[in-house]
1. Working only within region 125-149, note down all residues that are of a type outside the set (D, E), in contact (Cβ under 8 Å) with a residue 40 or more places away in the chain and surrounded by fewer than 20 Cβ atoms within 10 Å (Cβ to Cβ).
2. Please find, among F79, F95, the residue that is in a helix (DSSP H, G or I) and surrounded by 13 or more Cβ atoms within 10 Å (Cβ to Cβ).
3. Given the options E127, E166, name the one that is acidic (D, E) and under 18 Å from the mean Cα position of the chain (by Cα).
4. Could you tell me whether region 26-35 includes any residue that is under 18 Å from V157 (Cα atoms), in a strand (DSSP E or B) and not polar (S, T, N, Q)?
5. V61 is checked against (1) in contact (Cβ under 8 Å) with a residue 12 or more places away in the chain; (2) under 30 Å from L125 (Cβ atoms) and fails just one. What number does that condition carry?
6. Does region 83-98 contain any residue that is in contact with a Phe, Trp or Tyr (Cβ under 7 Å, 6 or more places away or on another chain) and farther than 25 Å from F140 by Cα?
7. Tally up the residues in region 118-157 that are part of a strand (DSSP E or B), among the basic types (K, R) and either over 30 Å from L74 (Cβ atoms) or not assigned by TED's automatic domain parsing to the domain that holds Y21 (or both), please.
8. Among E187, E166, E174, which is at pLDDT below 95, exposed (fewer than 10 other Cβ atoms within 10 Å of the Cβ), touching a helix residue (DSSP H, G or I) at 6+ places or on another chain (Cβ under 9 Å) and over 16 Å from E98 (Cβ atoms)?
Amino acid sequence: MRSIWTGAIGFGLVNIPIKMYSATETSTLDLDMLDKKDHSNIHFMRVNEKTGKEVKWENIVKGYKLPNDKYVVLTDKDFESASAKKTRSIDITNFVKEEEIESMYYETPYYLEPDKSGVRAYALLREALMKTGKVGIATFVMRNKETLAVLRANEKVIVLNRIRFEEEIRNPEELALPPKTAVKAAELKMAVTLINQLSEKFDIKKYKDTYTSDLLKVIKAKAKGIKTKEPNLKVVHSKSKDIMAQLKESLTGTLTKHKKAS
């Protein structure tokens, strides 16, 4: 793996030099964009809006537009000087229980690997996080952007998860949502029973990206000249008066499925 960020974890007065690596990789197929007429590859160019000519990446700079339509051009040193410490340090500000953080705040996970000089301190932080069951809340700058993060540990590695700031979460008050009074007690009891019936210990190995494998089958069939069937994309809407009957049928089907499995 190739590191994407180098710096240090700030843990009180302890500094732990680390390298950051992406913890995930895409499982989707690599599809190219083509011209419908002759299947030529489509390329995107960075074009100067005045000259219409392509601009090489090394000649592109970033700028902030002022009210008078003029730009203040920024260099890499400008970004670093804005907060020199945050560009090279993941500062843990406090520790919280992981379950206190709503899932909608989570973004991208990364692995943190210690440099040789930080191995002992890294191991200490990892074991302390596991023993307390807490996660560290930290801030740092990545790609010229202030980043809020959660540091959690398992038996092997400290994982950094980027999380969103509160102002980045939209207010659901704008949505047309049903009130609690819309739920009937008998239906709620049946729904809870169904949830309990379908509850089990989470095992990530059970879940596979079946869409990608199915899409690959379609591609292979088309390559052989085999026509694929038109899919039925109609969405079935449940009528509110049928909810109780549907819940009962779901429970019956679940019980039957469990009996066959056993």
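1. Taking region 125-149 as the starting set, the residues that turn out to be of a type outside the set (D, E) are 125-126, 128-145, 147-149.
Subset that is in contact (Cβ under 8 Å) with a residue 40 or more places away in the chain: 125, 135-142, 144, 149.
Within region 125-149, I137, T139, M142, N144 meet the criteria.
2. Working: F95 fails: in a helix (DSSP H, G or I).
Testing whether each residue is in a helix (DSSP H, G or I) and surrounded by 13 or more Cβ atoms within 10 Å (Cβ to Cβ) leaves just F79.
3. Details: E127 fails: under 18 Å from the mean Cα position of the chain (by Cα).
Result of the check over E127, E166: E166.
4. First pass over region 26-35, keeping only residues under 18 Å from V157 (Cα atoms): none.
No, the conditions are met nowhere in region 26-35.
5. (2)
6. no
7. Initially, region 118-157 is screened for residues part of a strand (DSSP E or B), giving 134-142, 145-153.
Among the residues that remain, those that are also among the basic types (K, R) are: 134, 145, 152.
Narrowing further to those that are either over 30 Å from L74 (Cβ atoms) or not assigned by TED's automatic domain parsing to the domain that holds Y21 (or both): 134, 152.
Adding up the residues that qualify gives 2.
8. On the way: E187 fails: exposed (fewer than 10 other Cβ atoms within 10 Å of the Cβ); E174 fails: touching a helix residue (DSSP H, G or I) at 6+ places or on another chain (Cβ under 9 Å).
Exactly one of E187, E166, E174 is at pLDDT below 95, exposed (fewer than 10 other Cβ atoms within 10 Å of the Cβ), touching a helix residue (DSSP H, G or I) at 6+ places or on another chain (Cβ under 9 Å) and over 16 Å from E98 (Cβ atoms), namely E166.
The values are calculated or read from the model by the stated rules, or taken from the named source; none is laboratory data. Being a predicted model, the structure only gives us computed values, none of them experimental. Here Cβ is always computed from backbone atoms with ideal geometry, including for glycine, and neighbour counts include all displayed protein chains.
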